[in-house]
Structure formats: structure tokens, C-alpha cells
1. If you take the residues in region 1-43 that are under 10 Å from the mean Cα position of the chain (by Cα) and small (G, A, S), which one is farthest from T178 (Cα to Cα)?
2. List the number of the failed condition for V9; all other conditions in (1) in contact with an Asp or Glu (Cβ under 9 Å, 6 or more places away or on another chain); (2) without any contact (Cβ under 8 Å) to a residue 60 or more places away in the chain hold.
3. Only residues that are buried (at least 16 other Cβ atoms within 10 Å of the Cβ) and modelled with pLDDT of 95 or more: list them for region 135-150, please.
4. Which one of these is at pLDDT below 95, open to solvent by less than 10 Å² (accessible area, probe 1.4 Å) and more than 20 Å from T30 (Cβ to Cβ): L74, L130?
5. Does region 10-49 hold any residues that are open to solvent by less than 50 Å² (accessible area, probe 1.4 Å) and farther than 26 Å from R202 by Cα, and which are they?
Amino acid sequence: MVRSYPNIVVTGTPGTGKTTLASQICETFTNASGDRVLRHIDVGSLVKKNGFHKSYDEEWETYEVDEDQLLDHLEPMTGGTAPDPLEEDPAGSNDAREVGDDEDTRGGLVLDWHTCDVWPERWADLVIVLRCDHQILWKRLEKRGYSEKKIAENNEAEIMGVVADDATDSYAPESIVTLTSEDAEEMESNLERVVQWIHAWRQQRGLEL
């Protein structure tokens, strides 16, 4: 069955504004009852909540994710059948947007994670890569309390365009959009652009006027 709403991947180096944009996208779309029809999946929180990891690296302060478990968990929600509601997000930030069983919604996942090459190409209707000046990024990660080693690692990854390269290697060029996310004005513009894209995607499939 055709998805009623697109699946969107929001990716980028930590600190580029993924969670903010993903949350805003989901908050924009509601049904006649006022319920959200897109579901924000904070993958990092989902991995911790469900134990989808093999080990924890103390030095780099990161989990080695069990990708098979993660993909098996999300596969039923990506399209074909109405997704089951996820449990409340463990971080208390509404990472899981519930969609009732009576919704005529297919897909509609907004996958928020710092990497993107794990997702099968057939899942993703749009891949958003957020970029940010490395000096601004450094300050953002300092405010998060990251160690200097972890900040430097992420800063170098942003300078080298690691996430952007992963997206290019994993998805068709026409499904990828790269957006700069350095200030409030750009973040607002990014949201407007994505919202317009979603409406166009649905219109092309005769799903809305």
C-alpha cells in the first residue's frame, strides 16, 4: 500500500539542529482531530530505551548500535500498514509521535540521527543533511557538555563533510537536500521548505488538494 505521508531522514553532525527541525516538522502536520500524523523518531533515544546496542565505548562516549535490531523494530512502521504507537520517549521530549490504529496513515516517520547510511534507500522519500559552520558547532557542543575530544571529533567530521558524503553514497541525488542550520532565520526557512515539499509530495499522489 502506498504511503500517505513520506518518510524523512534528518541527519547531520551532532549539534547541527536535527532534533529541533524534526520536532518542528512533526508539530506542523495534524489530522482533523488535531493529532500529529508524522512521527519524530529520535534514534539515539530509541537505541538506549530498547537496548539496541552491542557495547558502550567509554573513551568516545558512544554506543555500538545493533543495526539489525534497530531496522527490525522500525521496518513495520515505514509503510504498508499503519504503525503501532511507540512508547513514551525516555528523554521526555516526545521523540515518538503516536499514530492511532484507526489512522489512514502510512509511513510518516521523521528519522533523526547523526548518521544515515543505515536506512534502506526504499525507506527514505527525502534525506535532509544539515550543515553548520564548525566554529558555531564547537560552541554548541561545548554548551552540551561534550568532552573536548568528542567536540574535536565531531568538528572534524563536519569540516570533512562526512555525513554529507554518506548521504551521497547511500541515496539517489534527487532525494537529498543539504541545508545550512546556523541561526534562527535559517532554521525557520528550512522548516518552511520542508513543509512545502511534503505538501507537494502528497499533491503529486492525489492525497490532498
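1. S23
2. (2)
3. Restricting attention to region 135-150, the residues satisfying the condition of being buried (at least 16 other Cβ atoms within 10 Å of the Cβ) are 137-138, 140-141, 146, 150.
Once the filter is applied, which keeps residues that are buried (at least 16 other Cβ atoms within 10 Å of the Cβ) and modelled with pLDDT of 95 or more, region 135-150 yields L137, W138, R140, L141.
4. Working: L130 fails: at pLDDT below 95.
Exactly one residue qualifies, and that residue is L74.
5. T13, P14, G15, T16, G44, S45, L46, V47, listed by residue number.
The values are calculated or read from the model by the stated rules, or taken from the named source; none is laboratory data. Predicted model only: the values in this text are computed from it and were never measured. FYI the Cβ positions are ideal-geometry reconstructions off the backbone, even for glycines, and counts take in every protein chain you see. Accessible surface areas use protein heavy atoms only, side chains included; no ligands, DNA or RNA. Shrake-Rupley method; radii C 1.70, N 1.55, O 1.52, S 1.80 Å.
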